[in-house]
Amino acid sequence: MDEFNLFNLQNGEVAHPRGPLPYRMRPAALAEFAGQEEILAPGGALRQAIESDRLPSMIFFGPPGTGKTSLARIIASQTKANFRQVSAVNSGVAELRRVFTEADSEMAVHGKQTILFVDEIHRFSKAQQDALLPVVESGSVTLIGATTENPYFEIIGPLISRCELFEFKRLDRQSIEGIVKRALTDRGRGLGESGLKLNQAGLEAITRAAAGDARAALIILEAAAALMPAGKTGMIPVDSVEEAIHRKPVFYQKGGDLHYDAISAFIKSMRGSDPDAAIYWLAVMLTGGEDPKYIARRMVIFASEDIGNADPQALLVATAVSQAVEFVGLPECQLNLAQGAAYLALAPRSNSSLQAIAAAMNDVKEEGTRRPPKHLRDAHYPGARKLGHGEGYKYPHNYPGGHAAQDYLPPGMEARSYYNPSDRGFEEELGRRLRELRRGSVDNDK
C-alpha cells in the first residue's frame, strides 16, 4: 500500500480481519469515538470543523491510546479533501515535497484541499518541521500532527503558532469499560463470534491496568482471550486476565513527555515528604527503562537544593546512592535508589543554599564581577606585595575561636547577606553559629 495513502477508509477500506484487536476496533465514526468530550462536544469548535469539513491545521497531543490516530482516521473517512499520511519515523523532506506537489496539483485540477496527517510528528527534525511552515502558512496544505510528547518541547514555535492544539486526556473508567464491552460483543471486528465473556472483576482488572489507554485495554483483552483453550466459550477467568496484564508493555519513553513528568513527580514527592509516592514514581521510571544514573544524579541535586544543611547527611546519602548505582548496576541498584529516596523524602527541608547562590548569582549578573578587597588578594607571586595584596590580612587561626573579624566581600558590599539558615534540622545550629559570628564581627568593629 502507498505510504501516502494509508487512510483509504475514504475508499471503503476496512481493517484486516486478522489484524490486532486495537486496530480492528478503531472507531469508524464520531458516534463510536470514546472519550475526549472536552474537545469533541457537540457544537464545539473541533466537532463543527470536522462535521463541516472546514479543518484548520492542528496538532493532537496526549498519551498513547487516547484516540489521536483514530480521530484522524475518522476525519479521513468523512472529509471531501485529499487525505495523505506520512510517518515521521521513515519520511524525509523529499517525501514531504512530493506531497506538497500533489497538493498543488489536486487544488489546480480538481479544486480539492489536501489534509496531511503526520503521525509522531515530534520525530521530525527541525529541518523537516521547517519544510511544513510555508504550506501551512499559505493554507495549501492542512496539517494534522499527532504526538505523545509535549508539543512545546518537541515542535518548533513557528509551527505551533500556526496550528490549533488539542490535548487528548487519558480515558476515564467508563470509556475504557465501554470499549472493552464493545470489543467483546462486536461480531464483525471484535470477539463477538468467540462467545467469550468477562465478569465484573475481569472488566475492572483490565480497566485498572489500562490506566486510561484504550489500546492497552484491548491488548490485554486479546491476550486474555488467547489464553482460553481453542473453541472454549463462556467466561474468561480472572486468572487469565491477570496473566495477560503482566504481559502488557509499560508505555514509558526515555526523553519523552512521561520521562519529564515522572521525574518531576518523583522530585516533588520527595520535596513533599511522601516516601510512598517517591518510591512509586521511582518504580515507574525503572520499569520504563529509565537510566538509574540519571535518577541518582537528580537525587544528588535534590539533596542540596531542597535539604541542604538542614541535614548535611542527605548529600552523603545521595552521593553514596550514585556511587552504588555505578558499582552495583541493575537490577540490584533499585534497592539503593529506594533507600535513598526514602531517606531524602523524610529529611528536614531547607532551600537556604539555593536561595543564597541564586541571590549571589543575580548580583554578579546585575552588577558585574567586583575584585576582592586587597587583603584577600593573592600575595604569593613576585611584586604582589608592592601592589598591596595581602596587606592587613588576619589569619583566622591566630585569633580566639578561629575567627578573625574582617571584610570578605568586595568594598561596598559589606552589608550583603546571602546565606540565611532556616530553623529546621541541623541548620538551626548553623544559624546560631552564624548569628554569634556576625555579632562578634560587629563587636570587634566597635
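Before moving on, here are some points about what is shown:
- Structure-derived Cα extents along the principal axes in Å: which label, when the choices are [x] 57, 54, 43; [y] 93, 59, 41; [z] 70, 57, 44: [y]
- Once the Cα gyration tensor of segment 300-446 is diagonalised, semi-axes √(5λ) in Å: 38, 20, 16
- Helix 93-110 and the longest principal axis of the Cα set of the chain meet at an angle near 40°.
- Taking N as its residue count, the alpha carbon Rg of segment 8-167 over 2.2 N^0.38 Å: 1.00
- Helix 352-367 vs. the chain, principal-axis angle (Cα, 0 to 90°, nearest 10): 80 degrees
- Filter on K80/K112; K68/K268; K68/K169 - keep pairs with C-alpha separation over 19 Å: K68/K268
- Summarised in one figure, the compactness ratio Rg/Rh of segment 257-346, Cα atoms and Kirkwood Rh, is 0.93.
- Value of Rg/Rh across segment 178-246 [Cα atoms, Kirkwood radius]: 0.92
- Sparse-neighbour loop sites [chymotrypsin sites (Phe, Trp or Tyr not before Pro); segment 25-66; at most 10 other C-beta within 10 Å; DSSP]: none
- Relative contact order %, segment 257-346, counting alpha carbon pairs below 8 Å whose residues are six or more apart: 37 percent
- Degrees separating the helix 257-271 axis from the principal Cα axis of the chain, which is the longest one: 40 degrees
- In the distance distribution for segment 95-213, Cα-Cα pairs more than 27 Å apart total 45 percent.
Any read-out appearing in this document is the output of simple, stated calculations on the displayed coordinates, not a laboratory observation. On a predicted model such as this, the values are computed, not experimentally measured, just so you know. A quick note on method: Cβ atoms are made from the backbone with ideal geometry, for glycine too, and the neighbour counts reach across all protein chains shown.
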